[in-house]
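Scroll down for the structure; my scribbles are underneath it.
The values are calculated or read from the model by the stated rules, or taken from the named source; none is laboratory data. Treat the numbers as computed from the prediction; the structure is a model and nothing was measured. Glycine also receives a Cβ, built like all others from the backbone with ideal geometry; neighbour counts cover every protein chain displayed.
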Amino acid sequence: MSTKSTQTTELLKVKPAMRILVSIFLIFALIPSSSSLLARSDAEPSTRGLADTVGFAHRAWQMDSVMARIRALNRDDLLRTQQSEGTVWRAAICPHDDYSYAGWLYPAALRNIKAKTVIIFGVAHRAWFYNLENRLVFDSFASWRGPYGAVTVSPLRDELMNRLPRDMVVVHDAMQTTEYSAEAMIPFLQYQNRDVEIISILVPFMKYERMQTISRQLAKALFSAMEKKHLRWGEDVSILISSDAVHYGDEAWDGHNFACYGTGSNAQVLAEANDREIISDCFESELSEEKIARFYSYTTRPDNFKASKLSWCGRYAIPVGLFTALDLQKLEQSRPLSGVPVGYATSISQPHLKVDDLGMGQTAIATLRHWVGYPAIGFR
């Protein structure tokens, strides 16, 4: 691992070996020939391919089987976390790990997203490779590959980019193609709505003040575009944020030690309790700037915005997505956003979904020395 990689992976989800190999291949295949960060901006419209064909379903029959097995294995979990009839999320936070591990947390987080257009704030795990920071990363693809056919990129994307200041935006197809955090949700979104359209916005390293500034501008752009097209938040457009919770342990993390409580079952209890405290303190009930700031302080070192205190991989995507939602709510003068923690689990706290016979698998181990937490949170 390079020195630069070593300095930065502590704040990102360290890539499991299988994803590293795939990412390296895609990165070198897609590096822009120009020194500009605008990758393929003049290319013909195209479909974005797949970054992960192991942890996620990419065929219709796989996705149908995954959902049938989730309903059978996690029937009680889904019933317990079901919201009242008519509940619609204006925003949500959903994990992005292997379906075998995160399983039922996906439908738990996503089933109340009813909008046709879903704006996905994803993690830029390899932003260091492209020196990306302090700008929102868009793509130029016309569609993304989904298990039930191509998923259209909403025309709202280009309108948002055109309304944003130039120094806040970069189009970078190589970064988007090698990143799996937005891709993870698409099969579930398409399963429940074949006509879903998406906008992928990756959030790389970003200073806190910059998050506030960019989110404010993005909310203004979104508010204006929605007004122009007579779109309603929650019914026509929703905000979705991709993030796993803590990455814990001292094994198979590229030499890093994330076992702040040590290892073993007692350490697992303490680490899970810390995740639940973050969810309760930062996302439950009425959303506020103070709660978003609290999440940032939980996860990011105050002396270096590129260094993490706690390894939640969405520590940039969550604040930007929630600030955008909060600013949009203020512009609309609509009711305050209220957070509902729907579910929480980890890669070792529940039975794993059987997927090996579906041509799928796991991209990392799941043990007391290497596990990941999964938050599912809705905002109505």
Completion exercise
Among (1) more than 24 Å from ASP167 (Cβ to Cβ); (2) surrounded by fewer than 24 Cβ atoms within 10 Å (Cβ to Cβ); (3) of a type in the set (Phe, Trp, Tyr), PHE305 falls short only on (1)
Practice task
Look at the stretch 145-164 and say how many of its residues are in contact with a Ser or Thr (Cβ under 7 Å, 6 or more places away or on another chain) and surrounded by 15 or more Cβ atoms within 10 Å (Cβ to Cβ).
Solution key: 7
Practice task
Assess whether ASP275 counts as being part of a loop (DSSP other than H, G, I, E, B), at pLDDT 95 or above and either surrounded by 13 or more Cβ atoms within 10 Å (Cβ to Cβ) or out of contact with any Cys (no Cβ under 6 Å at 6 or more places or on another chain) (or both).
Solution key: no
Practice task
Looking only at the stretch 161-176, decide whether some residue is on the phi > 0 side of the Ramachandran plot, at pLDDT 95 or above and either assigned to a strand (DSSP E or B) or out of contact with any helix residue (DSSP H, G or I) (no Cβ under 9 Å at 6 or more places or on another chain) (or both).
Solution key: no
Practice task
Identify the single condition in (1) buried (at least 24 other Cβ atoms within 10 Å of the Cβ); (2) within 25 Å of LYS306 (Cβ to Cβ); (3) out of contact with any His (no Cβ under 7 Å at 6 or more places or on another chain) that LEU222 does not satisfy, given that it satisfies every other one.
Solution key: (2)
Practice task
Answer yes or no: is there a residue in the stretch 263-272 that is part of a loop (DSSP other than H, G, I, E, B) and out of contact with any Cys (no Cβ under 6 Å at 6 or more places or on another chain).
Solution key: yes
Handout entry: When residues of the stretch 62-97 are limited to those that are touching a Phe, Trp or Tyr at 6+ places or on another chain (Cβ under 9 Å) and of a type in the set (Val, Ile, Thr), the one farthest from GLU284 (Cα to Cα)
Key = VAL66
Exercise for the section: Could you tell me which numbered condition ALA124 fails, if it satisfies all but one of (1) within 13 Å of the chain's Cα centre (by Cα); (2) within 26 Å of ARG380 (Cα to Cα); (3) not aromatic (Phe, Trp, Tyr)? Expected result: (2)
Completion exercise
If we ask which residues in the stretch 122-133 are part of a loop (DSSP other than H, G, I, E, B) and either surrounded by fewer than 17 Cβ atoms within 10 Å (Cβ to Cβ) or charged (D, E, K, R) (or both), their number turns out to be 2
Completion exercise
For helices (runs of 4 or more DSSP H) lying entirely in the stretch 50-117, having 3 or more residues that are closer than 15 Å to LEU240 by Cα and out of contact with any Pro (no Cβ under 9 Å at 6 or more places or on another chain) picks out 105-110
Practice task
Among the candidates GLU289, GLU235, GLU284, single out the residue that is in contact with a Leu (Cβ under 9 Å, 6 or more places away or on another chain) and acidic (Asp, Glu).
Solution key: GLU289
Fill in the blank from the handout: Flagged in the stretch 307-342 as among the basic types (Lys, Arg) and modelled with pLDDT under 95, in numbering order, are LYS309
Handout entry: Of all residues making up the stretch 347-380, the number that are part of a loop (DSSP other than H, G, I, E, B), under 23 Å from ALA273 (Cβ atoms) and of a type in the set (S, T, N, Q)
Key = 3
Problem - Breaking point among (1) assigned to a loop (DSSP other than H, G, I, E, B); (2) of a type outside the set (Ser, Thr, Tyr); (3) modelled with pLDDT of 95 or more, for GLU44 - result: (3)
Handout entry: Test: residue in the stretch 324-339 that is surrounded by 14 or more Cβ atoms within 10 Å (Cβ to Cβ), in contact with an Asp or Glu (Cβ under 8 Å, 6 or more places away or on another chain) and part of a loop (DSSP other than H, G, I, E, B)
Key = yes
Handout entry: Exclusive hit being at pLDDT 95 or above, touching a strand residue (DSSP E or B) at 6+ places or on another chain (Cβ under 8 Å) and either among the aromatic types (Phe, Trp, Tyr) or at negative phi (or both), set ASP77, ASP98, ASP52
Key = ASP77
